[in-house]
Amino acid sequence: MKKCKLPIDCVLGLTYRCNSRCVMCDIWKIKDYPELTLEQFEKLPSSLRDINLSGGEPFLRSDLPEIVKILNRRCPKARMVISSNGFATELIVKQMKEILKIKPDIGVAISIDGLETTHDEMRGIPGGFQKAMATVSELKKLGMTNLRLGFTVMEKNINQMEKVYDLTKKLGIEFTHSFAQSSDFYFGGKQNEVHPRADLLKKEYEYLINSELKSWNVKKWLRAFFAHGMYNFITSKTPVLDNAPGRDFFFLDPNGTVYPSVVHNVPMTNINELDKLTDFWCSKQADEKRENIDALKIPVWMICTARTAIRKHPLKVIFWILKNKIFGFKIK
């Protein structure tokens with residue numbers, strides 16, 4: 001009998017309520033979308049090792065500390081990161097004081113898509129950059145070390161990636177990034193046609209990747225490989241490593257629907273209808289859904305897919321890191 005392999009990575013969409021007006025996402029236009037009760041989070045598998053708490057704006061859920069408490073009990077080995085726009089500084093700090101008592105090593109990623117004017121235009125909130133920076137400052141005062149800025153690559157801000165990366169070095173926090181993709185059901189169904197200038201894309205990624213490789217931090221080396229994969233994905237829509245959507249990872253939307261990822265519009269099941277998610281994950285129905293997912297042949301490269309892919313191909317990743325750390329990374 002084939003052993004059932006449980007998921008190790010997930011993105012939890014806690015709410016579609018949002019206080020941002022991002023140009024790359026229409027989630028903020030969604031009104032009165034159902035949200036999971038606390039009891040439903042008890043159904044998640046203990047196999048999870050990486051959990052991203054996302055939205056919308058997750059800090060708009062007043063019960064966020066209770067959600068973290070449940071997840072920490074259910075998945076004690078999981079790393080957790082909360083993704084936020086950072087606009088509601090007072091609320092975020094209040095929530096984090098409680099959350100840090102539950103899980104001191106939890107991370108927070110604040111979205112920053114450029115400096116000052118560029119960021120404010122991208123996020124549609126006047127003064128948004130200053131609000132987000134104030135949140136970072138207040139979280140550092142709480143003693144948080146697991147902090148990062150998250151940059152979303154688009155046509156209008158690609159020339160700002162180096163500047164945001166340098167800002168993270170100045171602040172002594174981490175840099176992460178993603179690419180503005182399209183989805184039929186996530187991002188409010190937003191279709192992003194993103195075509196950054198090739199010369200700027202090359203310049204910014206060479207700077208980012210070589211800067212990460214110059215460090216003596218293994219995590220930064222892995223982020224350099226992730227960035228290499230992201231550049232390849234943006235320019236060719238081809239992932240550098242095989243992904244396994246609906247197998248190693250999943251996206252759970254606020255009403256309980258389980259998707260293979262945020263870009264695969266194949267509803268697999270709904271957690272509200274299950275006693276626990278593993279009952280479905282190891283079922284014949286799940287395998288049938290995975291056949292449908294595979295047939296779509298949708299290429300993906302995002303942090304939740306890349307983590308599991310990197311774990312599966314350690315030798316290839318190590319060889320790439322050694323080669324490019326010694327000789328330097330250059331895009332041909």
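Looking at M268, is it assigned by TED's automatic domain parsing to the domain that holds F179 and among the aliphatic types (A, V, I, L, M)? It is true that M268 is assigned by TED's automatic domain parsing to the domain that holds F179 and among the aliphatic types (A, V, I, L, M).
Residue by residue, here is whether (1) closer than 30 Å to F59 by Cα; (2) acidic (D, E); (3) outside the structural domain of K202 (by TED's automatic domain parsing) holds:
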| position | (1), (2), (3) |
| --- | --- |
| R223 | yes, no, no |
| K237 | no, no, no |
| N255 | yes, no, yes |
| V262 | yes, no, yes |
| K276 | yes, no, yes |
| E288 | no, yes, yes |
| N324 | no, no, no |
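When K190 is tested against (1) at negative phi; (2) in contact with a Phe, Trp or Tyr (Cβ under 8 Å, 6 or more places away or on another chain), exactly one condition is not met: (2).
Quick check on my filter: what residues within region 154-166 are in a helix (DSSP H, G or I), in contact with a helix residue (DSSP H, G or I) (Cβ under 6 Å, 6 or more places away or on another chain) and more than 17 Å from A224 (Cβ to Cβ)? If the condition is that a residue be in a helix (DSSP H, G or I), in contact with a helix residue (DSSP H, G or I) (Cβ under 6 Å, 6 or more places away or on another chain) and more than 17 Å from A224 (Cβ to Cβ), then I158, N159, Q160 are the ones that fit.
Would it be correct to say that S211 is part of a helix (DSSP H, G or I) and of a type in the set (G, A, S)? Judged against the criteria, S211 is a match. Restricting attention to region 93-107, the residues that are buried (at least 19 other Cβ atoms within 10 Å of the Cβ) and in contact with a helix residue (DSSP H, G or I) (Cβ under 7 Å, 6 or more places away or on another chain) total 4. For region 118-153, the set of residues classified as among the aliphatic types (A, V, I, L, M), assigned to a helix (DSSP H, G or I) and out of contact with any Asp or Glu (no Cβ under 9 Å at 6 or more places or on another chain) consists of A132, M133, A134, V136, L139, listed by residue number.
Tell me the residue from K170, K202 that is surrounded by fewer than 20 Cβ atoms within 10 Å (Cβ to Cβ) and touching a residue at least 40 places away in the same chain (Cβ under 8 Å), please.
Details: K170 fails: touching a residue at least 40 places away in the same chain (Cβ under 8 Å).
Every option except K202 fails the conditions.
Taken over region 248-300, the criterion of being assigned to a strand (DSSP E or B), farther than 30 Å from A227 by Cα and in contact with a helix residue (DSSP H, G or I) (Cβ under 6 Å, 6 or more places away or on another chain) is satisfied by T269 alone. Quick one: in region 185-206, of everything that is part of a loop (DSSP other than H, G, I, E, B) and within 20 Å of H264 (Cα to Cα), which residue is nearest to the chain's Cα centre (by Cα)? Among residues in region 185-206 that are part of a loop (DSSP other than H, G, I, E, B) and within 20 Å of H264 (Cα to Cα), the one nearest to the chain's Cα centre (by Cα) is Y186. Filtered by the rule that a residue be farther than 24 Å from P34 by Cβ and part of a strand (DSSP E or B), region 54-80 gives a lone residue, R79.
Among the residues of region 226-247 satisfying the criterion of being part of a loop (DSSP other than H, G, I, E, B) and among the β-branched types (V, I, T), which is surrounded by the most Cβ atoms within 10 Å (Cβ to Cβ)? That would be V240. The set of residues in region 207-220 being surrounded by fewer than 20 Cβ atoms within 10 Å (Cβ to Cβ) and under 19 Å from the mean Cα position of the chain (by Cα) consists of K219, K220.
Which of the following residues is part of a loop (DSSP other than H, G, I, E, B), out of contact with any Asp or Glu (no Cβ under 7 Å at 6 or more places or on another chain) and not basic (K, R): S182, S178? Let's see the steps before the verdict.
On the way: S178 fails: part of a loop (DSSP other than H, G, I, E, B).
Only one candidate qualifies: S182.
Every condition in (1) surrounded by fewer than 22 Cβ atoms within 10 Å (Cβ to Cβ); (2) touching a Gly at 6+ places or on another chain (Cβ under 9 Å); (3) of a type outside the set (D, E) is met by F251 except one, and the failing one is (1).
The values are calculated or read from the model by the stated rules, or taken from the named source; none is laboratory data. All of these numbers come straight from a predicted model, not from anything done at the bench. We place every Cβ from the backbone using ideal geometry, glycine too, and count neighbours over all the protein chains shown.
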